[in-house]
1. Looking at (1) at the interface with chain A (Cβ under 8 Å from one of its Cβ atoms); (2) farther than 25 Å from B:F145 by Cα, which one does B:E114 not meet, given that it meets all the others?
2. Would you point out the residue of the range B:28-61, among those that are surrounded by 17 or more Cβ atoms within 10 Å (Cβ to Cβ) and touching a residue at least 60 places away in the same chain (Cβ under 8 Å), that is farthest from A:I176 (Cα to Cα)?
3. For the subset of the range B:270-297 comprising residues that are in a loop (DSSP other than H, G, I, E, B) and closer than 12 Å to B:L373 by Cβ, which member is modelled with the lowest pLDDT?
4. What are the pairs with Cβ atoms under 7 angstrom where one residue, in the range B:63-82, is free of Cβ contacts under 8 Å to residues at least 12 places away in the same chain and the other, located anywhere, is among the hydrophobic types (A, V, I, L, M, F, W, C)? Sequence gap at least six, or different chains.
5. Among the listed residues B:D239, B:D226, B:D267, B:D199, which satisfies the condition of being in the same structural domain as B:F175 (by TED's automatic domain parsing) and at pLDDT below 85?
6. Any residue that is among the charged types (D, E, K, R), under 23 Å from B:M163 (Cα atoms) and assigned to a helix (DSSP H, G or I) - is there at least one of those in the range B:216-231?
7. Within 14 Å of chain B (Cβ to nearest Cβ), touching a Gly at 6+ places or on another chain (Cβ under 8 Å) and either without any contact (Cβ under 8 Å) to a residue 12 or more places away in the chain or surrounded by 16 or more Cβ atoms within 10 Å (Cβ to Cβ) (or both), is that true of A:V105?
8. Can you pull out every residue in the range A:7-22 that is more than 9 Å from chain B (Cβ to nearest Cβ) and under 14 Å from B:L122 (Cβ atoms)?
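The values are calculated or read from the model by the stated rules, or taken from the named source; none is laboratory data. Predicted model, so just to flag it, every value in this text is computed and none were measured. Methodologically, a virtual Cβ is constructed for each residue, glycine included, from the backbone with ideal geometry; neighbour enumeration extends over all protein chains shown.
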Amino acid sequence: MLESLKGAWRYRQFIATSIRHELVTRFARSRIGGAWMIIHPLSMVLIYALILSAVLSAKLPGIESQYAYAIYLTAGMLGWSLFSEILNRCLGVFIENANLMKKLVFPKIALPVIITGSCLINNLALFVVILVVFAVLGHFTPSTLPWVIVLTGITVLLALGLGLMLGILNVFIRDIGQLMPIVLQFLFWFTPVVYPAEIVPASLQKLIAFNPLFHLVGAYHDVLAYGQAPSLTALAALTVLGAGLVLISALLFRKASPEMVDAL
Amino acid sequence: MSQATQTTQTPPATPKPLLEVRELGKSYRRYRNELMRVASWFSPVKPLDETWILRDINFDVAQGEAVGIVGQNGAGKSTLLKMITGTLRPTEGYIRTHGRVAAILELGMGFNGELTGRQNVLHSAGLMGFTHAQVDGAMADIEAFAEIGDYFDKPMRVYSSGMQMRVAFSVATAFRPEILIVDEALSVGDAYFQHKSFDRIREFQRQGTSLLIVSHDKAAIQSLCDRAILLEQGRVLEDGLPQDIMDYYNALIAKKENDRVEITPLDSGQIQTRSGSGEATVKQISLHAANGNALDVVDVGQAVELRITVAIHTNLPELVVGYKLKDRVGQDVFGTNTWHTHQIEKQLTAGEVLTYRMRFNANLGPGSYSVSLSLHSSDTHLIHNYQWVDHALVFQMVNMEKDFFLGSSWVMPAIECERHVATSSEPNESV
């Protein structure tokens, strides 16, 4: 583990240019370049804020704004999008970089680090846009904002742990790559992102509590929408779960790596 | 990273090999399903079967040594090289390397068309494990070596493939590795750059880099390597001097290609390039050295004999035998026939066998050449074409002793040069 972290440090140059190149190529030859990085999340947030709020102007208990639903939705989205983006990219990371892995020797840990880096940049852009829109809507929760850093860390841990585990298995059992988007869809709808947790029938409340993302997205709601500190027990449990998943992934990688390139 | 003996620039007195390969083996295991494979990482699950790609490989490579890895397709060459590079893990045995291993097998990995040459260099060198500062230090050299001018700062998508190769080669060899794996057939653009690249590889070797050269080209192995290793079905069949190894290798291939050399009459599976009415046919064609040994690698200027055996199947009034040498791309290099040389054989009877010995000095440039044959009745094969065989024989020219030259002909000049001081009335004529 420590050895691979050292490897990542030695390859920091490769990691840095990879992340930069990913951004550069995304906006290469477009006129306004990097501005698209803001426009995409902005349009998403605006659609939620303006259109959905007008259609579904239902007030949510605990938020004093006519845009309550939009605020709730975007707060949850910030967490969900980071989780699903990292998970999705980890799922295909080894297969997509098969050529590189077959031809060159480099610490493989660089690959998830690159993914994390570029997803964090995207998430940061979304976060900035959300803050601006919230401020315009007159919704501001400065005291709980620093929690976002902690939540981001936990989200990355969970997404990497689960994503790498599945990404490694996906090299050998490609069905996983096909199955996961479906599972992720289910997971999305079993997580209160677009609906308030309260509307879930009591009989299902117990079941939904087993979904770690329920707690994660809930914490994002607390911090960004309700302006209250998240549940520490939930965060502690999520951290333990995330760390556990990362450790399992690391172990799995150690076992799988001698055969990994053979299967690519 | 390498606590290895970095005895750069000191003469190769160090007996310690840069590369040690011991009991090396690689197998691919098949399981009932992939879930069983995953289970096998954690518990003893028996695979359905195990296919050994390589086994019992043992060899050392000393500092500054150039070793050719020879073998037919599927012999395990690339598996071996991948394990030496480190991308594949051995199933058994080990490889010990002292110093950095670099491979010039596939250049331009990870290049991105939207980025400039400079940016791609930075990225590519990063992928080799170098830091920004190290790359910056070498950037000027890389740019100078690639010789692509202003293009270096333009997006790579506007590059020609040759330019891309130039940049790729320049980065790949920006830092001298201890062990360099080279695919000889690798084309790095134009002939000029090709030579420049090989000069650089040679220079590395002089400074102590060991070379592992993989090639199908017998000529290249003989001219580049101090030693060769012949792989056959995943084992080291021979390890020795390139000449000996190539002889062995040729024998191995000859077994496979026998039917191409020994042309039998009434062959039902005739190749398309063979045509003719068949009154006379080529029984055998071979190339021999002056001492009579069969050859398929010929040194520039070497005296050789092209031996052609012709069988006559019906009584014929006359027979002309012609041959033509073509280079790799099918250009005629030389051709003649026995009509032009006034050696027409007349009144042949069925059952007769004629042996022609065409002796000449192979004053040809390095590369691959093929021999086409024709048997006919008068000056051209258009009238009474008995038989026409394209690519009846293929041989390699290799420059082992002569000074370097370009082209397909060896027409070595005697060069004289006079130097004198230009008089003031006469303008300096030098360009």
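1. Tallying (1) at the interface with chain A (Cβ under 8 Å from one of its Cβ atoms); (2) farther than 25 Å from B:F145 by Cα, B:E114 fails exactly one: (2).
2. Here the answer is B:V61.
3. So in the range B:270-297, the residues in a loop (DSSP other than H, G, I, E, B) come out as B:270-274, B:276-279, B:290-293, B:295-296.
Still in the list and also closer than 12 Å to B:L373 by Cβ: B:273-274, B:276.
On the way: B:T273: 47, B:R274: 57, B:G276: 69.
Here the answer is B:T273.
4. If the second residue must be among the hydrophobic types (A, V, I, L, M, F, W, C), the pairs left are B:K82/B:L88.
5. Values: B:D239 fails: at pLDDT below 85; B:D226 fails: at pLDDT below 85; B:D267 fails: in the same structural domain as B:F175 (by TED's automatic domain parsing).
Going through B:D239, B:D226, B:D267, B:D199 in turn, the sole match is B:D199.
6. So the first thing to find is which residues in the range B:216-231 are among the charged types (D, E, K, R), and the list is B:217-218, B:226-227.
Adding the requirement that they be under 23 Å from B:M163 (Cα atoms) leaves none.
Taking every residue of the range B:216-231 in turn, none turns out to be among the charged types (D, E, K, R), under 23 Å from B:M163 (Cα atoms) and assigned to a helix (DSSP H, G or I).
7. Working: within 14 Å of chain B (Cβ to nearest Cβ): yes; touching a Gly at 6+ places or on another chain (Cβ under 8 Å): yes; either without any contact (Cβ under 8 Å) to a residue 12 or more places away in the chain or surrounded by 16 or more Cβ atoms within 10 Å (Cβ to Cβ) (or both): yes.
So A:V105 passes the test.
8. Selection gives A:I19 alone.
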